[in-house]
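Just below is one structure, and these are the notes that go with it.
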Amino acid sequence: AAFRARCGFIAHWLDQPVGSSAWSWLDPDGSCWESEAPPDAPEPVALIRAVAASAAFPGRGLGRRMLDAAIDDARIAGARSIALVATLGSANFYRRAGFDPVREFETEVAPGLRIGALLMRLNSYFAG
């Protein structure tokens, strides 16, 4: 079962958390809003912030279900576009879910530790 916790979801199995996802509004200046769409946003953009699935459940679609929960919730809230930042290693997961790469860049995840990242946007959000 999944429950809504602010703008996020947590999946449980036998009372243990096994998956999560979250999203927030992305303001045109790049800042994030936690509760409601930014004022005067011409195109409300939801930013998928975290998708995780326990390694104890490989290949069962848990990660995809967590991603879909965040996308569906953002859509219901009024998002007109959905974006995320993926690690290069997770990019294929998001490509299979319909996200297209927009821009590759490096980001610092800890002092002195930089990794490759990819800004991605959902390509078929309003299709079909």
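At-a-glance table
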read-out: Residue-level accessible surface for Phe57, protein heavy atoms, 1.4 Å, Å²; value: 40 Å²
read-out: FRET efficiency, Leu14 to Arg65 (Cβ-Cβ, R0 22 Å, nearest 0.05); value: 0.80
read-out: Accessible area of region 49-125 divided out per residue, in Å², using a probe of 1.4 angstrom; value: 59 Å²
read-out: Apportionment of accessible area to carbon and sulfur, region 79-128, percent (1.4 Å); value: 50 percent
read-out: Segment Asp72-Ser54, extension gain: residue separation times 0.36 nm, minus the distance between their alpha carbons; value: 4.3 nm
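The values are calculated or read from the model by the stated rules, or taken from the named source; none is laboratory data. For clarity, every value in this text was computed on a predicted model and none was experimentally measured. Cβ atoms come from the backbone with ideal geometry, glycine included; neighbour counts cover every protein chain shown. For the accessible areas, the whole protein counts, side chains as well, though only heavy atoms, and no ligand, DNA or RNA atoms are used. Shrake-Rupley method; radii C 1.70, N 1.55, O 1.52, S 1.80 Å.
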